[in-house]
1. Could you check the range B:358-374 and list, in sequence order, the residues that are surrounded by 14 or more Cβ atoms within 10 Å (Cβ to Cβ) and over 28 Å from the mean Cα position of the chain (by Cα)?
2. Among the residues of the range A:118-148, count how many are closer than 22 Å to residue A:276 by Cβ, at pLDDT below 85 and in contact with a strand residue (DSSP E or B) (Cβ under 8 Å, 6 or more places away or on another chain).
3. Would you confirm whether any residue within the range A:56-65 is outside any helix (DSSP H, G or I), within 43 Å of the chain's Cα centre (by Cα) and either modelled with pLDDT of 80 or more or closer than 30 Å to residue A:149 by Cα (or both)?
4. It is to be established whether one or more residues within the range A:33-46 are without any contact (Cβ under 8 Å) to a residue 40 or more places away in the chain, surrounded by 14 or more Cβ atoms within 10 Å (Cβ to Cβ), in a strand (DSSP E or B) and in the same structural domain as residue A:100 (by TED's automatic domain parsing).
5. Can you give me the ranges of the helices (runs of 4 or more DSSP H) entirely in the range B:106-206 with at least 3 residues that are surrounded by fewer than 24 Cβ atoms within 10 Å (Cβ to Cβ) and either out of contact with any helix residue (DSSP H, G or I) (no Cβ under 7 Å at 6 or more places or on another chain) or modelled with pLDDT of 90 or more (or both)?
6. Given the conditions (1) within 30 Å of residue A:58 (Cβ to Cβ); (2) touching a helix residue (DSSP H, G or I) at 6+ places or on another chain (Cβ under 9 Å), report the number of the one that residue A:170 does not fulfil.
7. Restrict the check to the range A:458-479 and report whether at least one residue is in contact with a strand residue (DSSP E or B) (Cβ under 8 Å, 6 or more places away or on another chain), at negative phi and either part of a helix (DSSP H, G or I) or surrounded by fewer than 13 Cβ atoms within 10 Å (Cβ to Cβ) (or both).
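The values are calculated or read from the model by the stated rules, or taken from the named source; none is laboratory data. From a predicted model like this one, the values you see are computed outputs, not experimental measurements. Here the Cβ positions follow ideal geometry from the backbone for every residue, glycine too, while neighbour counts run over all protein chains shown.
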């Protein structure tokens, strides 16, 4: 008797209940099949998330031709393609599962003749095609970039590593968003302790929403109060593949093309996958350019301030005369000049990002030149400052990882302030603090400043210089990954 | 715990106030960049005059990147007083910027001041908080004010011209020695050495201090100054002068390795020869209680600059070498006799004897009576590219 009553309520109220649970969405569709005036099948789905062709041609058509049965399902139940509930299951549970499934792009098929509800995966997410990543473009090497679809991203990695040890551990994070996360690693290469650590940190995340991998990054990074990133993110599948083959762990987040990679050390931010697509001598040269650019971006404005306000005796006489001539009539102290120009430059850069693309580029270049030139003409700042700011601005973009460039910007401002207050002594104090901070930092248990401290001799083959491939260990993992594996 | 950290941090930050920091900050345009200092002292009135030559930054490039036009590249400030301390406090009666001595390149001392006592002068230089004692010291033959007010051609800043001329002379001649910095002077005077500093002389009676007029004048010998001769110093006082010929022997016998071209008379012909000292050996031995100092000079010769006579055979080369050995030994011996008569121990014989026989009862007397043997050994290494200079004889 009770069973009959439940069957009746499913027939009459099921669609209505789902509709009210989802708040009368405009894309909710209910299609029914009638045989001799009797409703035999009801198919409910969210039109915006499904492939209607699949529903029409494979599911509904199979009912009209009477071929849809459990045994003939295209895929097994484990795959999530088909989940089946009987009418005898608790109604509340049935409805809850159906609502979740609809939101994930499934359709809920109520088969009245067999008294069951099938949840069938007919997802078709809207996504852009694979394009070259805009922030990490390359001259030589693959031009593919990740997309917002996690499955596409999985495919892009699989395409590069055709290996049965490649693992994708799935998790859902975000109480409200229920975002899919994939922890990717090579089971035979990645140290177990590292995989455990990353998994532990990921499962400890308690949050309502994850809309981008940066949400995850903030939860799993080692230290909040540090200007340096302990994870890196990339849109390039070749970079992810290279790092996975180095025994590292990647975290993919559905809905974003940015994939996280851990652990990262300080010196790894100066290397890029392109280093391995070029000849070794050129790659080494470029790596040195990056290192020089880092020091230039961080220290040049502060050294300028320190030398011109505290240590004029350090400047060669002719340069001092020239700088002094430029400063004649300038009303502000050097530190104020530098800070003013640096802030203006940051504003122009930020505005350039937000402006429509066609205007943005013009604004950033012309804005900087015109503003700098005008400020010099007006006697507000000296010409040397414009050069200093321009050099630091350009060198800031040399480092391959954008987030590392951001930390350089923060450091630059603190060093300018230190130089303005205490001259070279201040810069020295700041540099010592910085080194102390760097050696104390860890990324997922790996000392951040390795291979310099602690020193790992074999890793020097690929830090300041990039030795030719035949001289590098063909199966070589980074020293710190080897150490982690050995500890196991 | 947090409070203790905060308190600790606060105390540390308070300590930074004690550091030479913000309050020590000086912008570049608050500085008067001193390029040259001149010191004069009048023995009659006991008045000291100090000249500061200050660089005018605007004469080169201005803030807007255009030339400063007709502005003088340097300004000379003249301050007089009865002591150096007084001058230090009265300078700002005239000078609107803070004296900055770190870029001073030359120290000039007038001859009359050098003849009195230079102790106060070197102390004055050493006293400057940001001063340097690694600058060359030159003695001005003639009025100091004239040299301090001369604008030089080619190098806009006069101290640059002196600095670079001294450098070039050290490398290309035997007229100026290496040890002429203020610090060398102090060190060697304290060791009771006798030293020689270069002399500088103004070339006109009424120098033009107008830079516009100066830059329009093609004759670089007008309104200029010249480095010529040397001043001999003993115990911080100028004792006499050496001319250019004597300076060559002085520097050669003291082991300076600069190249120098000189004309010699060989077999009735004039030959210009470039000399370069390769090795000098000085040894002392005693002959009947009298010290004998034997100096052996090994020299390289080059006749690359000669147009009068080019040796063409092994025989001629040997004859030239032998003759030059003789001339060099004779002339340097004559130079030694001259300085001995004047009582100048310019070859540091005293020092040499003291090192060898530290227990000798009267080194000074022994040094005065010392016999000198000079032997030169020359080798002609380069003969130049012309075997037959153009003579117009067809």
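1. Result: B:360, B:363, B:366, B:370.
2. Total satisfying the criteria: 1.
3. Checked against the condition, which is being outside any helix (DSSP H, G or I), within 43 Å of the chain's Cα centre (by Cα) and either modelled with pLDDT of 80 or more or closer than 30 Å to residue A:149 by Cα (or both), the range A:56-65 yields no hits at all.
4. Scanning the range A:33-46, I find at least one residue that is without any contact (Cβ under 8 Å) to a residue 40 or more places away in the chain, surrounded by 14 or more Cβ atoms within 10 Å (Cβ to Cβ), in a strand (DSSP E or B) and in the same structural domain as residue A:100 (by TED's automatic domain parsing), so the answer is yes.
5. Those helices (runs of 4 or more DSSP H) span B:111-116, B:119-127, B:158-172, B:182-190.
6. It fails just one condition, (2).
7. no
Yes or no, residue by residue, for (1) surrounded by fewer than 20 Cβ atoms within 10 Å (Cβ to Cβ); (2) modelled with pLDDT of 90 or more; (3) not in a helix (DSSP H, G or I):
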{"position": "A:392", "(1), (2), (3)": "no, yes, no"}
{"position": "A:409", "(1), (2), (3)": "yes, yes, no"}
{"position": "A:422", "(1), (2), (3)": "no, no, no"}
{"position": "A:433", "(1), (2), (3)": "yes, yes, no"}
{"position": "A:438", "(1), (2), (3)": "yes, yes, no"}
